[in-house]
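Colleague: Input: one structure, supplied below.
The values are calculated or read from the model by the stated rules, or taken from the named source; none is laboratory data. These figures come from a predicted structure and were not determined experimentally. Note: ideal-geometry Cβ built from the backbone for every residue, glycine included; neighbour counts use all protein chains shown. Protein only, heavy atoms only, side chains kept; ligands, DNA and RNA dropped before computing areas. Shrake-Rupley method; radii C 1.70, N 1.55, O 1.52, S 1.80 Å.
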Amino acid sequence: MARYTHASIDLAALSYNFAAMCDFSPNSKQVVVVKADAYGNGAVATAKHLQDKADMFAVAFLDEVFELREAGIQQPILVLQGPHREQECELTNSLNVIWLLHTEQQLNWINKRIENNEIDNLHHWVKFDTGMHRLGLLLKDYESFHREYRHIFHSKTVVATHLATADEPENDLSALAINTFIRAMKGRHGCLSIANSAANICLPSAALTWNRMGISLYGSSPFEHDELAVDLKPVMQLHSEVIALRQIEAGESVGYGATWTAEKPSLIATVALGYADGYPRQAPIGTPALFAGERAHLVGRVSMDMLTFDVTHLQQVDIGTPVELWGKNLSINTVAKHIGTIGYELMTRISKRVPRVYL
Ligand SMILES: *Cc1c(COP(=O)(O)O)cnc(C)c1O
């Protein structure tokens, strides 16, 4: 590669995080969530690396299954949004997918096919809404669905819900949703799934038969509050380098729109990464990065292919100085906070143009 800019992906850190997360709930089985190209880290590489340890993988929709199967991943793959189209149901057996069914229409599509022996009576998953109001059947309809779709609701069916506030463990809504769900399923289903990363860490009552873990495996804390930080190792490290340097005078400005003006003579470093690489254009003046390990701040607007930083205070910056945008020495959550977003978004937005280099 001619441009140095790349994202290094530390697979040893991925294993470390997986083990650390399993320690919170040794009696649960773990679904490794690899949707959105494993949050930007590479779905195939992630799944291959964890295939001997994970009980199941999960993606958001069927399109994301194909590359995993082409790469030879054998585990069942849970499709978190269920089938979007009825024809997708025909691929259930050949792709060995498990649908997380969340509408009556989906129950109907699958129930009909099991009845006609077109697909196996696999233990599908069914999702209920316990307050997030995004996806899921209503608990009050449980009895009627159970009667109507008896090929789906049986002893091996996994019944799931998703919490709106798992990353705020002190929020009463979490306990309310967990209790409502567990009470509603008592005596009906033994296989339950509630916890995502955040819940697995700090809501023990949500860690049941199956957990569904994403962000924590990639080494970013699911919590915005630092006091809830857990010992995870960053998997993605975003690297670039300085491709130009210039001295400017007080009163001169930098970048499109001339949004930043130097108050004193300043040294400006131009870095080979921009919004076309997925670095957010809304990153404000002051967003940090590390130049050979030393912190400097973004000045001027993010361009399509470049960033500009004020490195006046640094001793040794040159063309070719390595830049860490986030990673082991500057946490993705710190950068996200400056930009007004979360680690999840920064990670998933890194575009195809940035090569992933696996360590
Ligand atoms: C993405 C997703 C998860 C994983 O959540 P993390 O916060 O990344 O651990 C779990 N369950 C569902 C339904 C999801 O969509």
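Colleague: Between the stretch 333-359 and the stretch 309-331, what is the separation of their alpha carbon centroids in Å?
Modeller: 17
Colleague: Through the Karplus equation 6.51 cos²θ - 1.76 cosθ + 1.60, θ set to phi - 60°, convert the phi angles of the stretch 38-46 into ³J(HN,Hα) values in whole Hz; use x for Gly and Pro.
Modeller: Per-residue couplings from phi come out as 6, 6, x, 8, x, 5, 5, 5, 5 Hz.
Colleague: Counting other Cβ atoms within 10 Å, which chymotrypsin sites (Phe, Trp or Tyr not before Pro) in the stretch 1-42 have at most 16 and lie in a DSSP loop?
Modeller: TYR4
Colleague: What are the ³J(HN,Hα) values, in whole Hz, obtained from phi via the Karplus relation 6.51 cos²θ - 1.76 cosθ + 1.60 with θ = phi - 60°, for each residue of the stretch 137-148 in sequence order, with x given for Gly and Pro?
Modeller: In residue order, the calculated couplings are 6, 8, 4, 5, 8, 3, 4, 5, 5, 4, 5, 6 Hz.
Colleague: Based solely on its DSSP helices, what 222 nm [θ] is calculated for the chain when runs of n ≥ 4 H residues each add -39,500 (n - 2.57) and the sum is averaged over all residues, nearest 500 deg cm²/dmol?
Modeller: -7000 deg cm²/dmol
Colleague: Now a separate question. Students often get this wrong, so check it: of LYS35/LYS328; LYS127/LYS156; LYS53/LYS127, which have C-alpha atoms separated by over 19 Å?
Modeller: Flagged as over cut-off: LYS35/LYS328; LYS53/LYS127.
Colleague: Moving to a separate point now. Ignoring GluC sites (Glu not before Pro) that are buried or in helix or strand per DSSP, and keeping those with at most 13 other beta carbon atoms within 10 Å, what is the longest stretch of the chain between them?
Modeller: It runs 1-117.
Colleague: Over the stretch 236-358, with the other protein chains present, what is the accessible area per residue in square angstrom, probe 1.4 angstrom?
Modeller: 46
Colleague: If I compute solvent accessible area with a 1.4 Å probe over the protein chains, what percent of it on the stretch 175-302 is carbon and sulfur?
Modeller: Looking at the stretch 175-302 in its full context, I get 51 percent from C and S.
Colleague: Need the full-extension length gain, ALA292 to ASP52, defined as separation in residues times 0.36 nm minus the C-alpha distance. One decimal, nm.
Modeller: 82.7 nm
Colleague: Turning to a different aspect of this structure: Quick one: work out Rg over Rh on the C-alpha atoms of the stretch 139-212, Rh as Kirkwood radius.
Modeller: Result for the stretch 139-212 is an Rg/Rh of 1.00.
Colleague: Here is a further query. Whole number in Å², please: accessible area per residue of the stretch 174-235, 1.4 Å probe, ligands, DNA and RNA not counted.
Modeller: 39
Colleague: Across all directions of projection, what mean area in square nanometres is found for the Cα convex hull of the stretch 236-358?
Modeller: For the Cα atoms of the stretch 236-358, the hull's average projected area reads 7.0 nm².
Colleague: Give me the percent of the accessible area of the stretch 10-116 that comes from carbon and sulfur atoms, probe 1.4 Å, all protein chains in place.
Modeller: 46
Colleague: Further, regarding this structure: Could you work out the per residue convex hull volume over the alpha carbons of the chain, in cubic angstrom?
Modeller: Convex hull of Cα atoms, per residue: 146 Å³.
Colleague: Projected onto the charge dipole of the stretch 159-309 (+1 at Lys/Arg Cβ, -1 at Asp/Glu Cβ, origin at the Cα centre), which of ALA296, PRO280, THR161 gives the Cα projection farthest towards the positive end?
Modeller: Positive-end residue among those listed: THR161.
Colleague: A follow-up question, please. Run the dipole for the stretch 246-353 about the Cα centre, Lys and Arg Cβ at +1, Asp and Glu Cβ at -1, nothing else charged, and hand back the magnitude in debye, nearest 20.
Modeller: The calculation lands at about 380 debye.
Colleague: Then there is this: What residue among THR92, VAL34, PHE66 has its Cα farthest toward the positive end of the dipole of the chain, where the charges are +1 on Lys, Arg and -1 on Asp, Glu, each on the Cβ?
Modeller: The one lying farthest along the dipole's positive direction is THR92.
Colleague: Under a Cβ-only charge scheme (Lys and Arg +1, Asp and Glu -1), can you give me the dipole magnitude of the chain about the Cα centre, in debye to the nearest 20?
Modeller: 540
Colleague: Another question, then. Place a +1 charge on the Cβ of each Lys and Arg in the stretch 11-218 and a -1 charge on the Cβ of each Asp and Glu, then give the dipole magnitude about the Cα centre in debye, rounded to the nearest 20.
Modeller: Here the stretch 11-218 has a charge dipole of around 500 debye.
Colleague: Taking trypsin sites (Lys or Arg not before Pro) that fall in a DSSP loop and have at most 16 other Cβ atoms within 10 Å as cut points, what is the longest piece of the chain between them?
Modeller: Answer - 189-280.
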